[in-house]
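The structure appears right after this line, and notes come after that.
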Protein chains: 2
Amino acid sequence: MKTILIIGAGRSASSLIHYLLSKSEKENLHLIIGDLSLALAEKKTNNHPNATAIALDIFDENQRKAAIEKANIVISMLPAHLHIEVAKDCIVYKKHLVTASYVSDAMQELDAAAKENNLIFMNEIGLDPGIDHMSAMKVIDDIKEKGGEMLLFESFCGGLVAPESDTNLWNYKFTWAPRNVVLAGQGGAAKFIQEGTYKYIPYCNLFRRTEFLDVEGYGRFEAYSNRDSLKYRSVYGLDNVLTLYRGTIRRVGFSKAWNMFVQLGMTDDSYVMEDSENMSYREFVNSFLPYHPTDSVEIKTRLILKIDQDDIMWDKLLELDLFNRDKKVGLKNATPAQILEKILSDSWTLQPKDKDMIVMYHKFGYEIHGKKEQIDSKMVCIGDDQTYTAMAKTVGLPVAMATLLILNGKITTPGVQLPIRKEVYEPILKELEEYGVVFKEQSMSYLGYNPDKEFS
Amino acid sequence: MKTILIIGAGRSASSLIHYLLSKSEKENLHLIIGDLSLALAEKKTNNHPNATAIALDIFDENQRKAAIEKANIVISMLPAHLHIEVAKDCIVYKKHLVTASYVSDAMQELDAAAKENNLIFMNEIGLDPGIDHMSAMKVIDDIKEKGGEMLLFESFCGGLVAPESDTNLWNYKFTWAPRNVVLAGQGGAAKFIQEGTYKYIPYCNLFRRTEFLDVEGYGRFEAYSNRDSLKYRSVYGLDNVLTLYRGTIRRVGFSKAWNMFVQLGMTDDSYVMEDSENMSYREFVNSFLPYHPTDSVEIKTRLILKIDQDDIMWDKLLELDLFNRDKKVGLKNATPAQILEKILSDSWTLQPKDKDMIVMYHKFGYEIHGKKEQIDSKMVCIGDDQTYTAMAKTVGLPVAMATLLILNGKITTPGVQLPIRKEVYEPILKELEEYGVVFKEQSMSYLGYNPDKEFS
């Protein structure tokens, strides 16, 4: 019997646990599911004979160490900043570790110790980061093996609402941490390279500099730039590419409308608003507008945003009930961003029957035998329901699959790892297809980065 | 003989030293002027028999303590963060201290010790802070003494170029630290109160939310909001006013044009640009614009800013030579803000014959005997030349006058002080008039904060 300790039984663990339990008899697995909430852990075991729920407080050192010592491998689905103590114990007790989180500096420092003990610490093996690494490296390695030289890599991902549940003017609902959506793009200029030139976009322009993406069967999307486009340049072996760009996918029109909040100052998380608790939604809006003795909040909003009342942008604001005099914010000492999140949650929370959708889109430009070519690779995944969401599947399944591959000796490279090696991405991408996570690749001729698709 | 130690002989010390030397015989003063650069200190003594120049490194503890011990009073014209060691020595050797800087937390902590030793640590007694405190408190105290109740206080100040030297389309030249001009408004939303409602302006809107100010003989100005409008609410005794607003004065049209830099991201000081040293001005601009294989930097700039080629905003950009292919930035590892400062300095540096100008404007709204009234108080000061600039005069003269008043026992309240007491502002404002710093007060009826000056 091989024991897998899963720490954290939150939303993102559903598909992960479901997958491992479904393999548990054949693979002879026993799952120990630990969470601060024993009830939550028990719910996730679903009375399966091969699963045990335990109450686990990772700040209780004895409890944590005892649980880790008993396992053959540890999956940490904790928030990213809480992995490190688990990781250190994994060194002590010589256990492999799998997480879906970005490699922190503290995690990276364990690389030598992990290698010394022949341990695999596989990180960034969820959706984004995770499936993005794997699906990109598969095509990049393939191009290089054929003798091609990479010229361009653009990569986009978005968590959206499925077409059948797309019922509001924003074509958007919160399918993951709403706070991250409200704060998206803050904290510094976006930086990337287009055709050999470094480009920078400040926050106040970020949502006005989108590009379009067409996905057959799903229509048109748009993407705004991520801050970190250059982060994986060396990791992916793309030090010489002319264009490197990463972005976040939304439905067309979302970013232009979101920019209204940015311009008004409603996404600011750096200060607390006076008497936020008793403020009405209307007063919240008025806080960002000039005082006038008689002009309405509505006309002041339209003037500052330069929109008419028959503009769809205006309808998008009205749909959120932003000008309601009676709805109170009800949050003490709240920042504008926290209040905006509250207001948006009224309208953008997934309803019980709603499904979510993940869209990923890569563009690979390269030169081979003197010819310039392009491959576009696209993936759309729709959630089954509110438990097995597209997000839970795409984050959890790669984690689960990697765990089994490590246990079965199919992934063998020790150290602090990302899923960029063939031994990782090949079997996982193949198996993901059985679960509806399928990349469709199209070849086309390459124009360079050329937003208008023509010259002169 | 009373000895005054002046630490720091930079530009802002010119008028200060000139004033004290002119009084030195009558008042029996000896000035010791200490600067890291002995040459600079010597230049400022102007061979006056009552002045001695010394080389003074304030980080040399023995040197610093020895100089302070010999003085009757110390004036520190150092950058604000360097005052504190001087202040601590002033406690030890029981010397009064005068600075033109904001009271830091560290300085405030010396309040009890200063009082215990009956020492006056007078701070914020330059222009802004300084003359703004004094000229505001004079009117506020006067209104309150007559039985009035304050309703509104708005206060504006700006360092500008004098009309006779106003030779560019921006109606602006750098008359003080250029870096502060480029970074103005960054670091958080502006916060103020208008008619009892808290208002917030994000940086991306700051330069679009100006108000107009008319000064007889000088025409129309505009002002954008400072971040700290509420800072002196309690200090001024204005806890119950309905409107409290502080702003920075520019010539009309400056802010709208400056906003172009904000929107493009050129004022960002948070990251270093790739290969900034070898970048041309044109490449700098292009870094903030989308890539296109053939569209010019010019047309991309006009499109993103939504301006036509016959718009004065476009002429303002051309005047700065922003699109020059040959001019190189020449700064290593520079931030956008540092590069913008360099480019602006080419055009906005004061020429040898240029004069600067300070404009200050306060509005006081109040209710007295059931009637609502308003007083506007305005001051314009023009520099004599590039040494005795309006900035040097308005910063240095109040420092010098306060020093003499303390030495002569006319200012007596001990502790860490601001110039908000009658014993300070009355004699200083009166004497400043002899030097051309004259506030003109006008009474008018009060409409409340009403930007359009009418109802309906």
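First compute the accessible area of the protein assembly as shown with a 1.4 Å probe, then give the percent of it belonging to carbon and sulfur atoms.
Values: 18030 of 37480 Å².
Ligands and nucleic acids excluded, carbon and sulfur reach 48 percent.
With +1 on each Lys and Arg Cβ and -1 on each Asp and Glu Cβ, how big is the dipole of chain A about its Cα centre, in debye rounded to the nearest 20?
Values: 53 positive and 63 negative charges, 96 e Å.
Dipole of chain A, to the nearest 20 debye: 460 debye.
Mind checking the dipole of segment B:258-348: about its Cα centre, +1 per Lys or Arg Cβ, -1 per Asp or Glu Cβ, Debye to the nearest 20?
Roughly 120 debye, rounded to the nearest 20.
Measuring with a 1.4 Å probe in the full set of protein chains, what accessible area per residue, in whole Å², belongs to segment B:73-139? Kindly include the intermediate steps, with their values, before the conclusion.
Details: 2350 Å² over 67 residues.
Heavy-atom accessible area per residue stands at 35 Å².
Shortest first and in nm to one decimal, what separations exist between A:L305 and its copies in the other chains, measuring from label points 7 Å along the Cα-to-beta-carbon line?
A:L305 label point versus its equivalents elsewhere: 2.6 nm.
Apply the a/c threshold of 1.5 to the C-alpha gyration tensor of segment A:299-456 and tell me whether it is rounded, prolate or oblate. It would help to have the intermediate numbers written out before the result.
Working: a/c = 2.76, a/b = 1.47, b/c = 1.88.
Note, shape of segment A:299-456 comes out oblate.
What ranking, highest mean first, results for peptides B:419-427, B:69-77 when packing means the other Cβ atoms within 10 Å averaged over each residue? Before the final figure, lay out each step's value.
On the way: B:419-427: 18.0, B:69-77: 21.9.
Peptide ranking by packing, descending: B:69-77, B:419-427.
Can you give me the relative contact order of segment B:2-122 as a percent, contacts being Cα pairs under 8 Å and 6 or more apart? Don't skip to the answer; put the middle values down first.
Values: 199 pairs, mean separation 28.8, N = 121.
Averaging sequence separation for qualifying contacts and normalising by length gives 24 percent for segment B:2-122.
Choose one of A:I428, B:L344, A:S165: the residue whose Cα lies farthest towards the positive end of the charge dipole of the protein assembly as shown (beta-carbon charges +1 Lys, Arg; -1 Asp, Glu; about the Cα centre).
The one lying farthest along the dipole's positive direction is A:I428.
With just the Cα atoms defining each centre, how far is segment B:218-295 from segment B:78-103? Give it in Å.
Using only Cα atoms, the two centres lie 32 Å from each other.
Shortest first, in nm, what separates the label point of A:S22 from those of the same position in the other copies (7 Å along Cα→Cβ)?
9.0
Is the C-alpha gyration tensor of segment A:258-348 telling us rounded, prolate or oblate? Criteria: a/c under 1.5 is rounded; beyond that, a/b larger than b/c is prolate, otherwise oblate.
Working: a/c = 1.57, a/b = 1.37, b/c = 1.15.
Here segment A:258-348 falls in the prolate category.
Of B:T387, B:T335, B:S377, which is farthest on the positive side of the dipole of segment B:317-439, counting Cα position, with +1 on Lys and Arg Cβ, -1 on Asp and Glu Cβ, and the Cα centre as origin?
B:T335
Which pairs in the list A:K23/A:K393; B:K371/B:K440; A:K199/A:K372 are over 21 Å apart, alpha-carbon to alpha-carbon? Display every interim value, and only then the final one.
Values: A:K23/A:K393 16 Å; B:K371/B:K440 23 Å; A:K199/A:K372 23 Å.
Too far apart for the 21 Å limit: B:K371/B:K440; A:K199/A:K372.
Counting only C-alpha contacts under 8 Å and six or more residues apart, can you give the relative contact order of segment B:258-348 as a whole percent? Don't skip to the end; give the middle numbers.
Working: 105 pairs, mean separation 42.6, N = 91.
Relative contact order for segment B:258-348 comes out at 47 percent.
How far is the Cα center of segment B:358-417 from the Cα center of segment B:426-442, in Å?
Using only Cα atoms to place each centre, the spacing works out to 7 Å.
Among A:Y291, B:T210, A:Q417, whose Cα projects farthest towards the positive end of the dipole of the protein assembly as shown, with charges put on the beta-carbon of Lys, Arg (+1) and Asp, Glu (-1)?
A:Q417
With the calculation restricted to Cα positions, what are the radius of gyration and Dmax of segment B:2-122 in angstrom?
Radius of gyration, then largest Cα-Cα span, for segment B:2-122: 13.6, 40 Å.
For segment A:258-348, what is the accessible area per residue in Å², given a 1.4 Å probe and the full set of protein chains? If you can, show how the numbers build up before the last one.
On the way: 3840 Å² over 91 residues.
About 42 Å² of surface per residue is accessible.
Taking square-rooted eigenvalues a ≥ b ≥ c of the alpha carbon gyration tensor, is chain A rounded, prolate or oblate, where a/c under 1.5 means rounded and, failing that, a/b exceeding b/c means prolate?
Values: a/c = 1.98, a/b = 1.26, b/c = 1.56.
Verdict is oblate for chain A.
By what distance, in whole Å, do the Cα atoms of segment B:383-447 stretch along each of the three principal axes, largest value first?
Principal extents (largest minus smallest coordinate, Cα): 39, 37, 20 Å.
Across peptide A:442-449, how many C-beta atoms of other chains are within 10 Å of each residue C-beta, on average? Mind showing how you got there, number by number?
Numbers: counts 0, 0, 0, 0, 0, 1, 2, 4.
What the average comes to for A:442-449 is 1.
Given that compact globular proteins tend to follow 2.2 N^0.38 Å, what is the ratio of the alpha-carbon Rg of segment B:199-336 to that value? Don't skip to the end; give the middle numbers.
On the way: Rg = 18.8 Å, N = 138, 2.2 N^0.38 = 14.3 Å.
Normalised Cα radius of gyration, segment B:199-336: 1.31.
Relative to the Cα centre, what is the charge dipole magnitude of segment A:231-276, using +1 at the beta carbon of each Lys and Arg, -1 at the beta carbon of each Asp and Glu, and rounding to the nearest 20 debye? Numbers along the way, then the final one.
Values: 6 positive and 5 negative charges, 108 e Å.
For segment A:231-276, the charge dipole is close to 520 debye.
Using a Cα-Cα cut-off of under 17 Å, which lysines could be cross-linked to A:K422, ignoring same-chain neighbours fewer than 8 residues away?
A:K138, A:K144, A:K146, A:K410, A:K430
Roughly how big is the A-B contact, given as buried accessible area in Å² (both sides, 1.4 Å probe, nearest 100)?
Details: alone 20380 and 20360 Å², together 37480 Å².
About 3300 Å² of accessible surface is lost on pairing.
I want the antiparallel fraction of DSSP beta bridges within the protein assembly as shown, as a percent rounded to 5. Provide the component values of the computation, followed by the final result.
Working: 98 of 164 bridges.
Given both bridge residues lie in the protein assembly as shown, the antiparallel proportion sits at roughly 60 percent.
In nm to one decimal, list the spacings between the B:K144 label point and its equivalents in the other copies, with label points set 7 Å along Cα to Cβ, shortest first.
7.3
Please give the Cα centre distance for segment B:129-167 versus segment B:22-36, rounded to the nearest Å.
31 Å
With runs of 4+ DSSP H residues as the only contributors, calculate the mean residue ellipticity of chain B at 222 nm using -39,500 (n - 2.57) per run, divided by the residue total and rounded to the nearest 500. Working shown, then result.
Working: 16 runs with 155 residues, N = 456.
Computed ellipticity for chain B at 222 nm equals -10000 deg cm²/dmol.
Using the Kyte-Doolittle scale, which helices in chain B average at least -0.5 and also have C-alpha atoms spread 24 Å or more along the helix axis, with helices defined as whole DSSP H runs? Kindly include the intermediate steps, with their values, before the conclusion.
On the way: long enough: B:390-407 (25 Å, 1.77).
Counting only whole DSSP H runs, the qualifying helices are B:390-407.
Just the C-alpha atoms of the protein assembly as shown: what Rg/Rh do they give, with Rh taken as the Kirkwood radius? Kindly include the intermediate steps, with their values, before the conclusion.
On the way: Rg = 32.8 Å, Rh = 31.8 Å.
Value, to two decimals: 1.03.
May I ask you to evaluate 6.51 cos²θ - 1.76 cosθ + 1.60, the Karplus curve with θ = phi - 60°, for each residue of segment A:356-364 and list the ³J(HN,Hα) values in order in whole Hz, giving x for glycine and proline?
For segment A:356-364, the Karplus-derived couplings read 9, 8, 10, 10, 10, 9, 10, 10, 10 Hz, x marking Gly and Pro.
Pairs of Cα atoms under 8 Å, at least six residues apart: use those to get the relative contact order of chain A, whole percent.
Relative contact order for chain A comes out at 21 percent.
The values are calculated or read from the model by the stated rules, or taken from the named source; none is laboratory data. Quantities reported herein were computed from a predicted structural model and do not represent experimental measurements. Here the Cβ is made from the backbone with ideal geometry for all residues, glycine too, and neighbour counts use every protein chain on show. These area figures cover heavy atoms from the full protein model, side chains too; ligands, DNA and RNA do not enter into them. Shrake-Rupley method; radii C 1.70, N 1.55, O 1.52, S 1.80 Å.
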